[in-house]
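Q: Dropping a structure here in structure tokens format, bear with me for questions.
The values are calculated or read from the model by the stated rules, or taken from the named source; none is laboratory data. Model, not experiment: these values are computed from the prediction. Backbone-built Cβ (ideal geometry, glycine too); neighbour counts: all protein chains shown.
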Amino acid sequence: MNIAVILAGGSGTRMGNDVPKQFLKVAGKKVIEHTIEVFEEAKNIDEICIVSRTDYIHEVESIIINNGYTKVKKILSGGKERYDSSLAAINAYPINNHNLLFHDAVRPLLTERIIDDCLTALNQYNAVDVAIKTTDTIIQVDNNDCIISIPNRSELRNGQTPQCFKRDTIAHAYELALKDPHFKTTDDCGVVRKYLPNEPVYVVEGENFNMKLTYVEDIFLLDKLFQLKSLQGRQDALTKEAKQAINNKVVVVFGGSYGIGGEIVNILTSLSGRIYSFSRSENGVDVTNKQKVQEALQSVYEKEGRIDAIVNTAGVLIKEPLCSMSDQSIQTSIDVNLLGVVNVAQSAFKYLKETRGSLLFYTSSSYTRGRMMYSLYSATKAAIVNFTQAIAEEWGDLRIRVNCINPERTKTPMRVQNFGNEPENTLLPVKDVAIASINTIFSNATGEIIDVRRK
């Protein structure tokens, strides 16, 4: 059996936070949830064991139950030191021919490729590590902080996890280590190297994405890496998961008469989806009017008995210097682009809570940097990003997924109206954005800002 051991016993003292870092939220979920899901979805992992701080075991149990994870078979109490957690897992699996993969709970961006490479290597070796090439020069200093050595960088690697072993190998190494009164270690491969010096430890190539959450600043970086990761495999075609889900899901699109919303409606309709479109021009539903939004959703619910996903593509771009904008134009920008999003979210809540459904919004590259001539547009698009992340976290325990699409410049009627005719090769096709949107709706992602770029 291939058993993933998730080490979640750390205290996270370097984060300066009372909550252990593995239980902080990144990209809409707790870090440990992301990590569990990697192994839950990995086809070659048979079982998951989680080693937790004793005072957080109940939290882990709740996470397992709420998410419906099926591979988690053991939740163990760790100890003061990291090796205590490793030993807990080793002792929980007495069968020597098991493969044990020890992985940090705070490395949530592990890929299945790394897992598979580790398992392949275990066919030949009894101990396997994961590492990436060191790009910086490493120096060794003395007690006075003076350089005493500069090792050859080509021979150095930055270690990652998982660290993987035949159970009998790592068990034997620890058996010898525990007899050493001076035993001290920071990782499991180090134990094998010291106490089984004739046992080779093979190194699998890791990935820069497979970073460890260590400091407060890393949370922002992880958010961005999740954003980049979410982009992979979502733009070329509909995912298998999306195609399977469309048949029995009810989707409501606000702003579905044309542009991105219209293309989403067209694609889902062509696949015999149960799709309902609302817009001001199509049927008089203005997202700035909360009552109209509520009535629209209620009408769908009365007919279908459920709503699984709600998409809001409604937006307005008024390209004009701030000081020349009328009060009405300012109010319209805020009402449509921000208040409309709030109205849809509030009205959607009770339906998506019932189905553990999906809510999707749209931002623009303007959210990263305000641009002259459309200050209100930039400001509201930045607000949508923060709003998405906030309610994804707020509603996360209810299993409501909330995401936001950030498309590159896209050939929509609104863009043509403001920028005229632009070269086709400089614009993103509406269909690509629609496909990315549908794939996101039917994914497990939440709290993500998903960039969609030209191929």
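Q: Which one is modelled with the lowest pLDDT among residues in the stretch 113-138 that are closer than 21 Å to L225 by Cα and in contact with a helix residue (DSSP H, G or I) (Cβ under 7 Å, 6 or more places away or on another chain)?
A: Looking at residues that are closer than 21 Å to L225 by Cα and in contact with a helix residue (DSSP H, G or I) (Cβ under 7 Å, 6 or more places away or on another chain), I get T134.
Q: Given the structure, is V336 touching a residue at least 12 places away in the same chain (Cβ under 8 Å), surrounded by 18 or more Cβ atoms within 10 Å (Cβ to Cβ) and either part of a loop (DSSP other than H, G, I, E, B) or not charged (D, E, K, R) (or both)?
A: Here the answer is yes, as V336 does meet what is asked.
Q: Would you say V5 is in contact (Cβ under 8 Å) with a residue 40 or more places away in the chain, surrounded by 15 or more Cβ atoms within 10 Å (Cβ to Cβ), part of a helix (DSSP H, G or I) and not hydroxyl-bearing (S, T, Y)?
A: no
Q: If you go through the stretch 220-241 one residue at a time, do you hit one that is modelled with pLDDT of 95 or more, crowded, with 18+ Cβ neighbours inside 10 Å and not in a helix (DSSP H, G or I)?
A: Looking through the stretch 220-241, none of the residues is modelled with pLDDT of 95 or more, crowded, with 18+ Cβ neighbours inside 10 Å and not in a helix (DSSP H, G or I).
Q: In this structure, does I36 turn out to be out of contact with any helix residue (DSSP H, G or I) (no Cβ under 6 Å at 6 or more places or on another chain), assigned by TED's automatic domain parsing to the domain that holds Q160, buried (at least 20 other Cβ atoms within 10 Å of the Cβ) and closer than 25 Å to I400 by Cα?
A: In short, yes.
Q: Also, quick follow-up: Within the stretch 17-31, work out how many residues are part of a helix (DSSP H, G or I) and under 11 Å from the mean Cα position of the chain (by Cα).
A: Number of matching residues: 1.
Q: Given (1) over 21 Å from N444 (Cβ atoms); (2) of a type in the set (G, A, S); (3) touching an Asp or Glu at 6+ places or on another chain (Cβ under 8 Å), identify the lone condition not met by S324.
A: So the condition that S324 fails would be (3).
Q: Turning to a different aspect of this structure: Which one of these does K319 not meet: (1) farther than 21 Å from E263 by Cβ; (2) without any contact (Cβ under 8 Å) to a residue 60 or more places away in the chain; (3) part of a loop (DSSP other than H, G, I, E, B)?
A: It is condition (2) that K319 fails.
Q: List the pairs whose first member sits in the stretch 113-135 and is of a type in the set (F, W, Y), whose second member is at pLDDT 95 or above, and whose Cβ atoms are under 7 Å apart, counting only residues at least 6 apart or on separate chains?
A: Listed by first residue and then by second, the contacts come to Y125/P200; Y125/Y202.
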